[in-house]
Amino acid sequence: MSETHRSRLSNPVRTLPDLGALTGMMFKVIGNGTVPQSTISLVHLRAGQIVANTYLTAMHTEALRGAGESEQRITAVSSWADALCFTPAERAALALVEAVLTAPPAGAERVSDEVFAEAAAHYDEKALTTLVLAISQVNFFIPLALIGKPLPGRSASQQWT
């Protein structure tokens, strides 16, 4: 039996053309060079994993591969806390996105002072703000991915049906 997969929404940029300009500006702001693109991509991949979204996970995995990231590091993102292949700055960034997207134990703060201090130890104010906005950027797209269900592994023109 053949099953036809379809997204729930049509291409959001076709529906709301100003979205293209908005997302383009987001990429420009985040790509200011203060945080390595590889770190931003690792953070985006971890966000996709945390929300259990195949589209985001596949998209960011493919972007990391295309940028020449090793399979060892891509695979280790899901278990970054005990992986030895990440720099201290990357680990701080991964801890930050995990804190933002993971519910804390009852009574605990989502982003603890310790998690913030570790990130601040590796990133100056501009880079830390960029990292926070990179997390915001992926969070902007999470509802589109979860609700709209674009098709993973397809070209941009084919992922929305």
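The values are calculated or read from the model by the stated rules, or taken from the named source; none is laboratory data. Worth saying up front: this structure is predicted, and the values here are computed from it rather than measured. In this analysis, Cβ positions are derived from the backbone assuming ideal geometry, glycine residues included, and neighbour counts consider all displayed protein chains. Just the protein is used for accessible areas: all its heavy atoms, side chains included, with ligands, DNA and RNA removed. Shrake-Rupley method; radii C 1.70, N 1.55, O 1.52, S 1.80 Å.
Could you look through region 74-101, keep only residues that are out of contact with any helix residue (DSSP H, G or I) (no Cβ under 7 Å at 6 or more places or on another chain) and within 30 Å of HIS5 (Cβ to Cβ), and pick out the one that is surrounded by the fewest Cβ atoms within 10 Å (Cβ to Cβ)?
Looking at the filtered set, the residue picked out is SER79.
Taking the stated definitions as given, is ALA81 in a helix (DSSP H, G or I), of a type in the set (A, V, I, L, M) and over 12 Å from the mean Cα position of the chain (by Cα)?
Considered against the rule, which asks whether it is in a helix (DSSP H, G or I), of a type in the set (A, V, I, L, M) and over 12 Å from the mean Cα position of the chain (by Cα), ALA81 comes out as yes.
Those residues that are outside any helix (DSSP H, G or I) and either closer than 28 Å to THR161 by Cα or over 18 Å from the mean Cα position of the chain (by Cα) (or both), I need them from region 3-50; list them, please.
Listed by number, the residues that qualify are GLU3, THR4, HIS5, ARG6, SER7, ARG8, LEU9, SER10, ASN11, LEU16, PRO17.
Looking at LEU56, is it in a helix (DSSP H, G or I), over 22 Å from ALA119 (Cα atoms), of a type in the set (A, V, I, L, M, F, W, C) and open to solvent by less than 40 Å² (accessible area, probe 1.4 Å)?
Yes; evaluated as a whole, the condition is true for this residue.
Can you pull out every residue in region 28-45 that is open to solvent by 30 Å² or more (accessible area, probe 1.4 Å) and touching a residue at least 24 places away in the same chain (Cβ under 8 Å)?
Within region 28-45, VAL29, ASN32, THR34, GLN37, SER38 qualify.
Does VAL100 meet the test of being part of a loop (DSSP other than H, G, I, E, B), β-branched (Val, Ile, Thr) and modelled with pLDDT of 95 or more?
Here the answer is no, as VAL100 does not meet what is asked.
Would you check which residues across region 13-25 are open to solvent by 40 Å² or more (accessible area, probe 1.4 Å) and in contact with a helix residue (DSSP H, G or I) (Cβ under 8 Å, 6 or more places away or on another chain) and list them?
The answer is VAL13, and nothing else.
List every residue pair whose Cβ atoms lie under 7 Å apart, where the two residues are 6 or more positions apart in sequence or sit on different chains, the first residue falls within region 127-149 and is outside any helix (DSSP H, G or I), and the second residue, located anywhere, is surrounded by fewer than 17 Cβ atoms within 10 Å (Cβ to Cβ).
Correct list of pairs: LYS149/ARG8.
State whether one or more residues within region 106-124 are polar (S, T, N, Q) and under 17 Å from LEU45 (Cβ atoms).
Within region 106-124, not a single residue is polar (S, T, N, Q) and under 17 Å from LEU45 (Cβ atoms).
So PRO152 ticks every box in (1) at pLDDT below 95; (2) under 21 Å from VAL35 (Cα atoms) but one. Which box is left unticked?
So PRO152 meets the others, but not (2).
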